[in-house]
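The values are calculated or read from the model by the stated rules, or taken from the named source; none is laboratory data. None of the values given here were measured: they were computed from a predicted structure. Cβ: placed from backbone, ideal geometry, glycine included. Neighbour counts: every protein chain shown.
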Amino acid sequence: MTDYASRIIALKAERARLADRQSQLAALRREAIGKLAERLGVLETEDDLLTGVFSELKAAVTNNSPRLAQWRDAGLRFRSAKSERQRGGTTAQHPNSARASRDA
């Protein structure tokens, strides 16, 4: 019986550790999203507008909308352009300009 009791105690401790880790990861994600909003220049956008945008995103994810592929592509171009700038590349400043030059 003690074996079961010690196992239960260990499992409860592990569950508490995992809950704490989940909380830490969520905080890191919130921070990363805030930094992204700042880099994109939308940090000061009104709450109603951000709520609408996030609602659209949630609906698109829920319905596996084809817009997700477009948004991923735009995000990839933005992040690639940022990486190039950090490495000293000559990538255009605007995320859509990368596509325009690529499609030309």
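Just checking, does region 93-100 include any residue being surrounded by 12 or more Cβ atoms within 10 Å (Cβ to Cβ), hydrophobic (A, V, I, L, M, F, W, C) and modelled with pLDDT of 95 or more? No.
Just name the residue that is nearest to R77 (Cα to Cα) out of those in region 29-50 that are over 16 Å from the mean Cα position of the chain (by Cα) and assigned to a helix (DSSP H, G or I). Only one residue fits best here, namely L49. Per this entry, D73 is not counted among residues that are surrounded by fewer than 10 Cβ atoms within 10 Å (Cβ to Cβ), out of contact with any strand residue (DSSP E or B) (no Cβ under 9 Å at 6 or more places or on another chain) and among the acidic types (D, E).
Might you let me know whether region 46-61 holds any residue that is out of contact with any helix residue (DSSP H, G or I) (no Cβ under 6 Å at 6 or more places or on another chain), without any contact (Cβ under 8 Å) to a residue 60 or more places away in the chain, polar (S, T, N, Q) and closer than 21 Å to K82 by Cβ? Outline the logic, then answer.
If we filter region 46-61 for residues that are out of contact with any helix residue (DSSP H, G or I) (no Cβ under 6 Å at 6 or more places or on another chain), which is where we start, we get 46-59, 61.
Filter once more, so that each one left must be without any contact (Cβ under 8 Å) to a residue 60 or more places away in the chain: 46-59, 61.
Now restrict to residues that are polar (S, T, N, Q): 51, 55.
Now narrow it down to the ones that are closer than 21 Å to K82 by Cβ: none.
Scanning region 46-61, I find no residue that is out of contact with any helix residue (DSSP H, G or I) (no Cβ under 6 Å at 6 or more places or on another chain), without any contact (Cβ under 8 Å) to a residue 60 or more places away in the chain, polar (S, T, N, Q) and closer than 21 Å to K82 by Cβ, so the answer is no.
If you check A26, A5, which single one turns out to be assigned to a helix (DSSP H, G or I), surrounded by 10 or more Cβ atoms within 10 Å (Cβ to Cβ) and of a type in the set (G, A, S)? Spell out the reasoning first.
Numbers: A5 fails: surrounded by 10 or more Cβ atoms within 10 Å (Cβ to Cβ).
The conditions single out A26.
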